[in-house]
Each structure stands twice: as structure tokens, then as C-alpha cells.
Amino acid sequence: MWLVVWLPLMAASPEQDIRRVLDDQVAAWNRGDIPGFMEGYDKSESTSFVGTAITKGYAEVLANYRKRYPTPEKMGTLRFSDLEIRPLGAEYASVIGRFHLDRPPAAGGEASGIFTLLFHKTGKGWKVILDHTS
């Protein structure tokens, strides 16, 4: 009976769940697995990526990642840092952070920048619905 009372208290917080999504994305990226990385995004036509251009739709975002990073060497090794996860009510959260790609010069060299993500809590867990990376 005590277990039933404590289970809700042991549930992961939104921040922990979102951090797990980000950790899973880094792990997939570092395996060279772009579809696995994209599991963190909502599979919706309204999912958007803002970089040097605005891309709308999960399939289009996936296609752009595949075009820009065609090989594991071009993908390099990803890490996130300085993460700030901020709940925006019960079903949304923002994440601000930095990314860094370690790559040899022949694969494009090191790259780094900042990002803002908007997460939405869906029936399949927390998913990115907007990614602004620069």
C-alpha cells in the first residue's frame, strides 16, 4: 500500500524527462543515427527548425539533417552544455543551451553555437516542436 502512495512522488520531473530526451539525442547523434536523433522531435507538419532558413515539417527537418550531415564523420561528436530547462505550464517547456561538434578539419572542423528549443508534452512523451539553432 505504501508503494502506491510513493509512486507519484518518485515520477520523473518534466526537467528530468526533457534532459533524458536530450541525452538520448546526443547518444543517437554520436552513433551516427540521424533518425534516432530525430526521435526527440514531434513527427508533425508543424515541427519547425530555424537556422539560416526556416524549415517546417518533421520530414523536411529530417531531410535537411541528412543532407547537411551525410556521414558519421561529418556529424562528428556532439555535446550539449549550459542547459537551462524552463517549464512553461504543464505541457510546454523551453530549453536554452549550447552545442559543440568535435570534427576533424576534413569533415568540416569544429562547430559550436547556441539553441533554443520548445518542447511539448505529447502522448509519446516530451518532443521538440521548435528548434532555433545558430
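Determine Rg/Rh for region 69-134; Rg is computed over alpha-carbon atoms and Rh is the Kirkwood hydrodynamic estimate from the same atoms. Don't jump to the answer; show the numbers that get you there.
Values: Rg = 14.3 Å, Rh = 13.2 Å.
Reported Rg/Rh, Kirkwood definition of Rh: 1.08.
Quick one: pull the percent of accessible area on region 8-60 belonging to carbon and sulfur, 1.4 Å probe, ligands and nucleic acids left out. If you can, show how the numbers build up before the last one.
On the way: 1620 of 2980 Å².
So the carbon and sulfur contribution to the accessible surface is 54 percent.
For the chain, calculate the relative contact order in percent as a whole number, restricting contacts to Cα pairs under 8 Å that are 6 or more residues apart.
Values: 232 pairs, mean separation 28.9, N = 134.
Contact order relative to length: 22 percent.
Using amide H atoms built 1.01 Å from N in the peptide plane, name the residues 5+ places from Tyr41, or on other chains, whose amide H lies under 5 Å from its own.
Amide H neighbours of Tyr41, under 5 Å, 5+ apart: Val128.
Rounded to the nearest angstrom and ordered from largest down, what semi-axes does the equivalent ellipsoid of the chain get from its C-alpha gyration tensor (root of 5λ)?
On the way: eigenvalues 165, 56, 38 Å².
Those come to 29, 17, 14 Å.
For the chain, what is the accessible area per residue in Å², given a 1.4 Å probe and the full set of protein chains? Could the numbers behind the result be given before it?
Values: 8220 Å² over 134 residues.
Normalised by residue count, the accessible surface of the chain is 61 Å².
Taking only pairs that are 8 or more places apart or on different chains, how many Lys pairs in the chain have Cα atoms under 26 angstrom apart?
Value for the chain: 13.
The values are calculated or read from the model by the stated rules, or taken from the named source; none is laboratory data. Small disclaimer: the values here were computed from a predicted structure and weren't measured. Calculation scope for accessible area: heavy atoms of the full protein, side chains included, ligands and nucleic acids excluded. Shrake-Rupley method; radii C 1.70, N 1.55, O 1.52, S 1.80 Å.
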